[in-house]
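Structure record follows, encoded as structure tokens.
None of the figures in this text is laboratory data; all of them are computed from the coordinates on show. Note that the structure is a prediction, hence the values are computed from the model and not measured. Counting neighbours? That spans all protein chains shown, and the Cβs are built from the backbone with ideal geometry, glycine included.
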Amino acid sequence: QKNLSILSPDQVELAKMLLAMGQGHLFEDWPDTGVDDDEKKALLVQVALLNSSYPGGLASYIKTARQLLADSKAGKNPFDGFTPSVPSGEVLTFGDDNFIKYEETGVKQIQNAAFVLVAGGLGERLGYNGIKVALPMETITGTCFLQHYIESILCLSEASCRQAQGKCRREVPFVIMTSDDTYAKTLQLLESNSYFGMKSTQVKLLKQEKVACLADNDARLAVDPNNKYRIQTKPHGHGDVHSLLYSSGLLKEWKDAGLRWVVFFQDTNGLLFKAIPAALGVSATKEYHVNSLTVPRKAKEAIGGITRLTHSDGREMVINVEYNQLDPLLRATGHPDGDVNCETGYSPYPGNINQLILEIGPYMDELSKTGGAIKEFVNPKYKDSTKTAFKSSTRLECMMQDYPKTLPPSAKVGFTVTDPWLAYAPVKNNPDDAAKVPKGNPYHSATSGETAIYRSNSMILRKAGVNIDDPVSEVFNGQEVEVWSRVVWKPKWAVTFSDVKTKVNGNNNSLSQKSTLVIKGRNVFIEDLSLDGTLVIDSVDDAEVKVGGVVQNKGWAIENIDKENSALSEEVRIRGFKINKMEHLEKSYSEPGKHSLNA
Ligand code: GDU
């Protein structure tokens with residue numbers, strides 16, 4: 001009461017709301033007016049932010065928290081009454097007629113899409129010092145993830161415009177969701193690189209706020225251990241992206257502008273754009289409101305499984321079951337072995353890679369009802385089996401792939417499965433944890449993330465008729481990986497399989513295993529090239545370069561390094577290898593017109 005005079009009328013209302021919600025402890029030992037007044041007011045400023053950044057406000061957060069904490073204490077299973085089964089989706093095989101047809105349809109749709117990258121996570125499991133989108137995706141060219149994403153979006157939208165013969169939207173919107181942990185560094189990365197060629201107006205940065213921590217089962221908000229006038233906060237999860245797109249007005253803007261799709265993706269996956277056009281083609285053809293891109297999943301791999309859940313009361317949904325929940329759910333429903341591989345060598349449940357394509361119309365309709373609130377969960381670590389106290393404060397969390405959970409049964413929710421090598425190679429685990437991943441399961445490390453790019457590009461060239469040597473097996477940072485020829489190309493050379501096929505001609509193209517091929521120019525045509533070494537080709541956009549003949553040199557070797565060697569950069573150490581550039585042929589064509597490299 002005595003401190004009311006120092007607060008504004010809005011702050012008084014917020015304080016009253018907190019008192020009504022059982023949060024009196026936040027004000028309990030406040031000294032008299034005149035002492036720490038600024039700090040007291042700062043607490044209410046923080047409360048206002050926590051209140052406005054959560055759909056329904058803090059009162060709603062506390063109410064939901066009480067319910068979820070009570071369910072957790074009672075050991076209530078979120079899947080109670082549901083039986084899991086394997087759903088069926090659209091299975092794509094890279095390069096076949098069906099894939100090409102979907103890719104063509106998808107490219108047409110790119111100009112009707114907005115792209116959304118969720119990049120608010122710190123990447124604690126990786127333990128990298130910087131933001132993850134700034135990491136080199138591969139160390140042959142050193143291109144970082146963000147640059148590759150932006151160039152891919154730009155090139156896809158150009159391809160879309162070509163198909164529409166000029167009548168198109170050229171500026172495909174790109175949104176990056178950041179957090180306090182990543183906002184400033186993401187902005188700096190963009191600004192210091194001229195937005196990697198995108199117009200700065202085309203890129204929007206959103207920032208997710210953290211949510212209040214909970215100290216006990218009554219959902220009493222936790223006081224910050226470092227400041228008694230602050231509430232402790234923690235990240236709420238990637239599910240925030242939906243409420244942010246809604247509350248920022250962007251979704252409405254896009255819908256009014258006639259856009260039809262929102263494509264979501266995550267921070268470190270160097271392969272993701274390889275399957276996006278085809279997946280968008282599937283969305284358009286099947287008119288999916290929600291399409292989730294998946295890859296075959298190894299049992300126990302740390303990616304969720306797409307599962308059909310059928311309730312005894314008749315409800316049914318196809319949804320991601322997170323990796324830590326799939327095994328217990330299967331065991332509890334008549335599968336005593338839990339999450340295991342089937343005869344294909346993979347789990348029968350396709351792996352969610354959180355590349356989601358939502359149709360804007362139905363998405364907006366749903367968000368106008370929910371405000372973008374996503375079904376949350378809580379994961380308290382209890383002190384003991386009485387479940388009366390927590391080891392440390394907890395908070396509600398939400399995941400973007402849980403969006404379909406509130407949809408009506410009439411919603412068209414589907415998924416698309418791609419080849420295991422094509423579309424997913426994230427960088428999430430530090431070397432020590434990666435080395436402990438069970439043999440045969442993907443490491444999800446910087447080592448596997450980079451080598452998977454060479455594998456995927458080599459496989460694509462093979463599908464286009466190039467003879468590529470088989471890979472060799474090597475161990476870096478304790479992880480056994482396949483090392484293929486190091487093939488890297490810029491998105492402007494190819495963003496679809498059709499692009500690759502147009503630019504690879506002749507029946508006598510070959511690459512030895514020790515080879516590195518870097519294609520930076522747009523109109524570079526490979527024709528009867530025999531490469532045993534390293535070849536780097538660049539050209540201005542209006543040059544047309546035919547590359548053939550025999551190129552042989554010592555090339556660039558991929559060499560083991562000691563990850564404890566502090567003379568090396570963190571980016572190199574987390575891979576366990578470096579590229580030793582011994583000898584190469586580099587050609588750069590700066591004049592327009594026709595050129596030919598006949599080595
Ligand atoms: N992220 C945010 N805000 C957050 C937390 C994370 O934007 O508060 C972002 C991260 O930057 C990243 C993405 O969300 O881009 C995913 O974060 P993680 O990589 O930590 O996600 P997980 O590995 O825990 O799992 C998620 C899904 C899984 C599976 C997997 C695939 O929950 O089902 O799809 O990604 O990579």
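Results, tabulated for the structure shown:
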| quantity | calculated |
| --- | --- |
| Where the Cα pairs of region 1-154 fall when distances are cut into 10 Å bins, in % | 8, 18, 18, 23, 19, 10, 4, 1 |
| Disulfide-incompatible cysteines by the Cβ rule (no partner under 4.7 Å) in the chain | 144, 155, 213, 342, 398 |
| Positive-end extreme of charge dipole, the chain - chosen from 346, 67, 516 (charges on Cβ) | 67 |
| Label-point separation, residue 368 to residue 200 (7 Å along Cα→Cβ), nm | 3.5 |
| At 1.002 mPa s and 20 °C, Stokes diffusion of the chain via Kirkwood alpha-carbon radius, µm² per second | 82 |
| Tensor-based shape of region 312-424 (alpha-carbon gyration tensor, a/c under 1.5 rounded, otherwise prolate or oblate) | oblate |
| Environment charge of residue 543, counting only residues whose C-beta is closer than 15 Å and scoring Lys/Arg +1, Asp/Glu -1 | +3 |
| For the chain, calculated [θ]222 nm from helices alone, where every DSSP H run of n ≥ 4 adds -39500 (n - 2.57) | -8500 deg cm²/dmol |
| Size of charge dipole - the chain - debye, nearest 20, with Cβ of Lys, Arg +1 and Asp, Glu -1, no other charges | 540 |
| Reciprocal of mean inverse Cα separation for region 32-106 (Kirkwood radius, Å) | 18.4 |
| Karplus-derived HN-Hα couplings along region 257-265 (A = 6.51, B = -1.76, C = 1.60, θ = phi - 60°), whole Hz, x at Gly and Pro | 7, x, 5, 10, 9, 10, 10, 9, 8 |
| Cα centre as origin, Lys/Arg/Asp/Glu Cβ charges: region 441-538 dipole, Debye | 460 |
| Charge sum, other residues only, whose C-beta stays under 14 Å from residue 264's C-beta, Lys/Arg counted +1 and Asp/Glu -1 | -4 |
